[in-house]
Amino acid sequence: MPIEKSDLLQGTLDMLILKIVALGPVHGYGISLRIRQISREVLQVQQGSLYPALHRLEKRGWLAAEWGESEKGRQAKFYKLSAKGRKQLESEESNWNRLAGAVTSILQTAQ
Amino acid sequence: MSWWKFLFPKAASDAQINSELRFHIDELTEANIASGMTPEEARRRARLDFGGQEKFKEELRDIYRVQIVENTIANLKSAFRFIRKAPTFSITVILTLALAIGANSAVFSAIDAILLRPLPLPDAGQLVRLEQFNPKVASPNTFVSPARLEDWNRLNSTFQAISGYYTEDESETSGALPEKITRALVAPRFLRVWGISPALGRDFTPEEQRFGGPTGVMISDRLWRHRFNAAPDAIGKKLRFGTSSGTVIAVLPASFFFPNRDVDLWSSVPVDAPYAQARTSTWYTVIGRLKPVVTLDQARANLATVQVQLGRQFPETDADLAVGMQPLKEITVAGSRKSLWILFGSVSLLLLIACTNIVALLLARRTQRQHEISVRFSLGARRGAIVAQLLTETFVLALLGSLLGLIVADAASSVFRSLARDLPRVEEIHLDARIVLYSLACSVIVTVLCGLLPAFRGTRRDLSSSLAQVSRTQVSTRNPFQWLLVGVQVALAVTLLAGAGLLLRSFQALARVSPGFETAHILTFHISGSWGETADMKGLTQRIDRTIDSLRSMSGVEAAATSATLPGVPGRYQTELKFSEGQIDPTRKIVAESRFVSPGYFATLRIPLLSGDLCQTHLGSLDILVNRSFADAYLAGSPVLGRHLEVLNDNFVRPGEIRGIVADAREEGLHRAPGPTVYWCLSAPLPDPYYLVRTRTEPAAMAETIRQEVHQIEPSRSVFDIMPLEDHLSEAFSENRLRTVLLSFFAATALSLACVGLYGTLSYSVNIRQREVGLRLALGARRGQILKQFLLQGLAVCFAGCVAGWGLATIFARLLSGVLYGVSSSDIPTLSAVVLLVLVVAAFASLFPAIRASRVDPMQVLRDE
């Protein structure tokens, strides 16, 4: 069953976006596709939360945006990671890994 | 959506957001088509999947909306909450600022009105005063002859127009009793030069400016209201003044104060009058209006050329003359510039002290609020946000302070107006939008000065993170920064006190001066007379002598005299002279103060005769007395009496014979040591000289009797400006007094602020060191030691402040040096007295907190622990 926005922590969505964008310049539609594909349809991001998150990250200076042509020749807004964003991603990733590790070990111990 | 959201442009335009979203929907649609839907179905599904577009477009826009407004409103709310929560603190800050900003705005309003604004006339920058003078001869007479004025006006190429005027005091005799009225007699083009037109009526017609033509007069708004009840049909009415009369042709605007604020009547002098033809009769004060793009230098060069041309045409009268030129505003206000800037400097120092004081208060306050700040930090607030909040608090305080300050400024500027009636343009001082803006600017500056430092210091993370523990275990805080602030305040206060002290000492020295004449029991006044009377000098002299005689014969009058000028009131009339017998030292110019007095002058003022005789009035030759300085300077070692003197370059004063030597007197101003002076014995140097009457009783009590006496002998003349000589003298130094009074007030305020600062900082220090003190007492420290320690701490800082203040004061005093009298700007006794005063006051301010520290109850403190 797909996990929707309400179940997804705000910070987590930001981290996922940063991670996807870190792979290369991409537009909003591309991001939602990739999150779904990579998570094997487990995570489904509502556009209603994707775009506000993108714009917030852009405003914070973690993402840089640029208009360009899509694969099909349409005008699209491409996002890419800024240096500041890369740093942020690194710290969030390590935080997440620590948290996930801690949670996992608790779960395993409790079993 | 709130209304204010419209105030700010959106960073990402709607169009961009729309096309970004459209792209997404298009892609979705295509994906749906690819999975086999019909195009319509595909688009419908895409839209559906995408969800409520409008709702989250709004969300997107919100992200970009500048948050300043929201944050500011939140900060303002919190600022007001803060003020409500700490009323004593807030009121202290607001009142301090109200006083400091108010005083500052008041002085600024005077500077703005007097020095910064152009004169209240259209394109006032084009107005200049023109003078004629002989560069080779020192002479105070720079008036211009009417014929020359017309030549200048005709031949120049840089002026729109040149005109001139002279004034005389006459009596207006339309009413029951003659009333003094000041009349300006003006050259053609008068209104054109000023650039105004009458509020009612018209300018002079050519007929009215022709000799023998009808006399038209323009009257002031004041006279119009007073005499004609502001009736529009005043135009055309007859007005009688002196021995002539005229038809009212115009009422000039109420704001028109030229040539001075006393003038009520303007009439024209015909250019073709026989008495106005001689190039040697000089009487006009000349005003010109430059053409729009002409500079002062161009105009100077132009008129110099014109004058050279006139010199060729009239070699006898014009060859030696040059033209002087100054902006009119400069001449009007130059005298008060220094005083005003000194006051502004002092009042700015005061504001600086107030700011320093508030910084100290805010810092102390922040320490108490560190808990609140650290809580906000731990809740994730950014430092910038907290700084903004703290700054907003300071700004609100500063704003309230400056609003209250405007009320103070309004009151202060009316005090200013009454203390300094003699300042030029003083009637133009008032509060207006510029002053309000200035106050607001002050509050912004205050916010930056006072708020920035405490805000940044109060929000240092290292400080705030360690907060939780600090308050209980801390033993002692030295808070050197707060003590530095106290030192700064003391230093600034010492500076201001030193300035005030020096001014007070000059004031004292001036009062102790022995003027060389007796100022008490002398009543002075004018009796109206017109310049036309000078056509018959014999008659004029007889009239004035007759008046002097009958004044002298009054009971209660000891002596009476006339003089062109008042003794002791600042004013100089330096002329260049020569001995008719030939120069004693041909290389040396003889320059002396010339005074024109009636023979009874010396008896009236009790200036002793040293040798020779007092002068006599007899028509024919003129008698002269010289003072001792003159005899010593120019006739040392040679006989003085019997020599003849003549004034160079002046055809009004005839040569005269030196009859006697009198003692030196401070004629040119009480503050000026007597210089070489020549007294020309002329009872009627001008038609309305000053009358000086020595009374046996209180001079002011004689005023009415004298007025009646004069009315009996001269029923058509008015007596005016009746005032004891001592009042004139004190008025002459009113600017001095204004300076002294204000500076003393600022200095006293500064000292009190510095004391409040000292007291506050020391009390604060005592408060936070209570535990330490309690512990020490418990361990056996004596109370006297504790007392001494705190007292010395306060005094040490003050002493350091005094040393710094001494340095600053010497710089400040150098600014004052031009206005000091009888005291040097680095006067050690004054400075020492100031330092002593500050230390004594500081000792008192430190005493109370120190006593409180020594009374700490160790048991109480330890129990709290």
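Rule-based calculations on the coordinates, nothing more; no lab input. What you see is a predicted model; the values in this text were computed from it and never measured. All Cβ positions, glycine included, derive from the backbone under ideal geometry; neighbour counts span all protein chains shown.
The table for this structure:
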| read-out | value |
| --- | --- |
| Under 20 Å from B:LYS329, Cα to Cα: lysines that are on another chain or at least 8 residues apart | B:LYS291, B:LYS338 |
| Hull volume in cubic angstrom per residue (convex hull over the Cα atoms of segment A:5-110) | 106 Å³ |
| Among B:ALA187, B:VAL93, B:VAL626 the positive-end extreme of the charge dipole of chain B (Cβ point charges) | B:VAL93 |
| Descending Cα extents along the principal axes, the protein assembly as shown, whole Å | 136, 89, 58 |
| Peptides ranked, highest mean first, by Cβ atoms within 10 Å: ranges B:422-428, B:37-43 | B:422-428, B:37-43 |
| Lys, Arg +1 and Asp, Glu -1 on Cβ, resulting dipole of segment B:529-716 about Cα centre, debye, nearest 20 | 260 debye |
| Segment B:94-182: Rg to Rh, with Rh as the Kirkwood radius over Cα pairs | 1.19 |
| Alpha-carbon Debye profile of chain B, log10 I(q)/I(0) at 0.05 Å⁻¹ | -0.46 |
| q = 0.16, 0.20 Å⁻¹: log10 I(q)/I(0) that the Debye formula gives for segment B:113-250, counting C-alpha atoms only | -1.04, -1.35 |
| At 0.890 mPa s and 25 °C, Stokes diffusion of segment B:729-865 via Kirkwood alpha-carbon radius, µm² per second | 140 µm²/s |
| Cα-based equivalent ellipsoid of segment B:169-232: semi-axis lengths in Å, sorted from largest, via gyration tensor | 22, 16, 12 |
| 31 Å tail of the calculated P(r), segment B:529-716, as % of Cα pairs | 18 percent |
| Shielding by partners, peptide B:22-29 (average Cβ within 10 angstrom, other chains) | 6 |
| Rg followed by Dmax, in Å, when segment B:689-752 is reduced to its Cα trace | 18.5, 60 |
| Cα Rg over Rh - segment B:275-422, Kirkwood | 1.35 |
| Cβ neighbours within 10 Å from other chains - mean over A:51-61 | 4 |
| Partners for B:LYS57 among lysines (Cα-Cα distance below 18 Å; same-chain residues under 8 apart left out) | A:LYS5, A:LYS59, A:LYS77, B:LYS5, B:LYS10 |
| Inter-centroid distance (Cα atoms) of segment B:367-442 relative to segment B:266-283, Å | 57 Å |
| ³J(HN,Hα), Karplus 6.51/-1.76/1.60, whole Hz, each residue of segment B:557-571, x for Gly, Pro | 10, 8, 8, 8, 7, 10, 8, 5, 9, 8, x, x, 8, x, x |
| Two-site label geometry, B:PHE344 and B:ASP727: point separation in nm, points 7 Å out along Cα→Cβ | 3.4 nm |
| Rg/Rh ratio calculated on Cα atoms of segment B:238-278 (Kirkwood radius) | 1.03 |
| Set of aspartates and glutamates with alpha-carbon distance to B:LYS578 below 14 Å, sequence-local pairs under 8 removed | B:GLU593, B:GLU646, B:ASP650, B:GLU657 |
| Karplus (6.51, -1.76, 1.60) ³J(HN,Hα), θ = phi - 60°, over segment B:791-804, in Hz, Gly and Pro reported as x | 4, 5, 4, x, 5, 4, 4, 5, 5, 4, x, 5, 5, 4 |
| Principal axis box of segment B:571-657, alpha-carbon based, largest edge first, Å | 38, 30, 28 |
| By average C-beta atoms within 10 angstrom, highest first, the peptides B:845-852, B:807-814 | B:845-852, B:807-814 |
| Convex hull volume per residue in cubic angstrom - Cα atoms of segment B:671-801 | 238 Å³ |
| At 1.002 mPa s and 20 °C, Stokes D of segment B:799-857 from Kirkwood alpha-carbon radius, µm² per second | 160 µm²/s |
| Residues B:ARG382 and A:ALA102, FRET efficiency given R0 of 35 Å [Cβ-Cβ distance, rounded to 0.05] | 0.80 |
